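The values are calculated or read from the model by the stated rules, or taken from the named source; none is laboratory data. Given the structure is predicted, the values throughout are model-derived calculations rather than measurements. Here Cβ is always computed from backbone atoms with ideal geometry, including for glycine, and neighbour counts include all displayed protein chains. Quick note on the areas: whole protein, heavy atoms, side chains included, nothing else; ligands and nucleic acids left out. Shrake-Rupley method; radii C 1.70, N 1.55, O 1.52, S 1.80 Å.
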Amino acid sequence: MTIDMLEAVQLGGTTQWIRVRGEDPGNPVLLLIQQGPGLPMINEARRFEQLLGLEELFTVVYWDQRGCGRSLRGQKDSPVVRLEQMVDDTVALLEMLRDRFGVKSFVAGFSFGATLGAYAAARRPDLVATLVAVGMDVDGVAAGHSAFDFALASARQCGNRRATRQLETVGPPPHLMLKKFTTRVRWATNFGGVATNETYNSLVRELLVSLLRSPDYSLGDLLRTVRGISATQSALLPEIATLDLVRTLPRIDVPIVMAQGRLDQVAPGEAAERYAGVLQAPSKELVWFDSSAHTPHLEEPDKFRDLLTRVRTDQLANT
């Protein structure tokens, strides 16, 4: 890599960490905003390079947000995180990248990260070239019911008594307590609603292994990361459960491409279609990934890379 830097940056009065990687300093900038909330991003650099090869096309910025990963260093207490605070951080980082590289950034956000990217783009369209929103959290109420109904129906259909018992005990959404939310997510994941080829436990193992293998995390970082996931999710659950972008974000003055897995049960396609239908933007496109659930960038990486390549080419042609 011509560019490969691990760096501490000051955002919103806190120290947060980014890794910047790229093969050509002349390439446009791409900020990646991780799903979660509470999941780190810097640890994904190796997997993303192997699957997607984005560093050939962009100067890629991997970011551990407030309340997660390496950015938890130096924090003695569990982070108190709010949606507005995370949007402020996103805008501050985009400003820093614009000042450093002299151009708007492309933004690819995943799940809740796509929601953050959308709010930041709406607030500061002068900082964003194009927003690629992958499995975006659009409607918190619809998402909760979609995941719960899917998990319970799947459990009953396959005769999984343990899953059925746990889900019936939890009851229907909203699930504002972490234990209930985790039960919903666990079974929706195990039945293929998050990733078609993963279970909840396999995703947890992959996260831990990636943190252990990454040179950017110590053992202390790993322990803080695991604790931070729970703390950040607990803090944000009430806001996630009531998300309604149709009402709160009807216009974004930035080109937007929504990448949606056809099999996604935690950010349902119906909500994505509804939002794409009413959103006002300079250009908008809803791209379906027919063989994917909530992580099309990992389940259909070649198609996702082709999408980003086209977005890059189109934007550069227009400038």
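As an exercise, find the ratio Rg/Rh for region 87-235 from alpha-carbon atoms, using the Kirkwood inverse-distance average for Rh.
Numbers: Rg = 18.4 Å, Rh = 17.7 Å.
The Rg/Rh ratio comes out at 1.04.
Of the residues ARG224, ARG162, ranked by 1.4 Å probe accessible area with the largest first, the sequence reads ARG162, ARG224.
Considering only the chain, what is the antiparallel percent among its DSSP beta bridges, to the nearest 5?
Working: 15 of 40 bridges.
So the antiparallel bridges amount to about 40 percent of the total.
Extending 7 Å from the Cα toward the beta-carbon at both GLU7 and THR248 defines two label points whose distance is 3.0 nm.
Computed extension gain for GLU49 through SER230, at 0.36 nm per residue and net of the alpha carbon distance, reaches 62.4 nm.
The alpha carbon centroids of region 136-150 and region 25-75 are separated by 26 Å. Fully extending the segment from ARG162 to ASP24 would add 44.5 nm, taking 0.36 nm per residue of separation and subtracting the current Cα-Cα distance. Annotation: TRP187 carries an accessible surface of approximately 10 Å², with a 1.4 Å probe and no ligand, DNA or RNA atoms counted. Short-range pairs are left out: with C-alpha atoms under 8 Å and at least six residues apart, the relative contact order of region 1-74 is 37 percent. Taking the chain as the region of interest, the number of lysine pairs whose Cα atoms are within less than 29 Å, with members eight or more places apart or on different chains, is 5.
A convex hull fitted around the alpha carbon atoms of region 189-319 yields 154 Å³ per residue. Based on C-alpha pairs under 8 angstrom that are at least 6 apart in sequence, region 65-189 has a relative contact order of 17 percent. Leaving ligands, DNA and RNA out of it, report the carbon-plus-sulfur percent of the accessible area of the chain at a 1.4 Å probe. Exposed carbon and sulfur together represent 51 percent of the surface. Solvent-accessible surface of the chain, taken per residue with a 1.4 Å probe and all protein chains present: 42 Å². The relative contact order of region 114-242 comes to 24 percent, based on Cα pairs under 8 Å that sit 6 or more residues apart. Binning the C-alpha pair distances of region 254-319 at 5 Å intervals from 0 yields a P(r) profile of 4, 17, 25, 21, 20, 10, 3, 0 %, listed from the shortest bin outward.
Net charge near GLU285, counting Lys/Arg +1 and Asp/Glu -1 over other residues with Cβ under 15 Å of its Cβ? Working shown, then result.
Numbers: positive: LYS284, LYS303, ARG310, ARG312; negative: GLU273, ASP306, ASP314.
That sum, taken over residues with Cβ under 15 Å, equals +1.
Relative to its residue count, region 126-197 spans a Cα convex hull of 113 Å³ per residue.
Sum -39500 (n - 2.57) across every DSSP H segment of at least 4 residues in the chain, then divide by the residue count to get the 222 nm mean residue ellipticity, nearest 500. List each step's numbers first, then the result.
Working: 12 runs with 154 residues, N = 319.
Roughly -15500 deg cm²/dmol at 222 nm, from the helical runs in the chain.
Residues in region 142-157 carry Karplus couplings, in order, of 5, 5, x, 5, 4, 5, 5, 5, 5, 5, 5, 4, 5, 4, 5, 5 Hz; the curve used is 6.51 cos²θ - 1.76 cosθ + 1.60 with θ = phi - 60°, and Gly or Pro positions show x.
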